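Have a look at the structure below before the remarks.
Read-outs throughout are calculated quantities, based only on the coordinates presented, and are distinct from any laboratory measurement. The structure presented is a predicted model; accordingly, all values stated were derived computationally and were not measured. Ideal geometry is used to build each Cβ from the backbone, glycine not excepted, and the neighbour counts take in all protein chains shown.
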Amino acid sequence: MTEENLILIVDDSTEIQVILARFLTKKGFTVLSAGTLLEGVTIFRQMRPRIVFLDVNLPDGNSLKELKSFINVTGKKIIVMSALDNQEVRNEAMNNGAYDFLGKPFNLSKLNELVQK
């Protein structure tokens, strides 16, 4: 398992984790999942995935407030996801250093575009 091929999904929805993992695995990525912010930060620090899909609203906090825990590692893409797909949330994510924003429900072609960049 290499960092280059590794993706972390941080979302409290098992359904979202499964959908993303299936899609990304078919694209040749190794996928790790976490259901809370704390689990996500811990896995991120240990495994150093190249891409992180990070849900905004998690059981143990708002990930936008903890985005810097992920951003401080150079060369990593943090893609923020939220069902609250409005300009204010998008701006806050991008202003805090997110690579991109993915509204839920997400478009698989947009998802593919993000992981191929």
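Is it true that some residue in the range 5-19 is touching a residue at least 60 places away in the same chain (Cβ under 8 Å) and under 15 Å from Q116 (Cα atoms)?
Checked the range 5-19: at least one residue is touching a residue at least 60 places away in the same chain (Cβ under 8 Å) and under 15 Å from Q116 (Cα atoms).
Could you look through the range 10-33, keep only residues that are in contact with a strand residue (DSSP E or B) (Cβ under 7 Å, 6 or more places away or on another chain) and closer than 15 Å to P105 by Cβ, and pick out the one that is surrounded by the fewest Cβ atoms within 10 Å (Cβ to Cβ)?
Out of the qualifying residues, it is Q17.
Suppose we filter N96, N86, N91 for residues that are surrounded by 17 or more Cβ atoms within 10 Å (Cβ to Cβ) and not basic (K, R); which single one remains?
N96
I need a count of the residues in the range 44-62 that are crowded, with 18+ Cβ neighbours inside 10 Å and touching a Ser or Thr at 6+ places or on another chain (Cβ under 9 Å).
6
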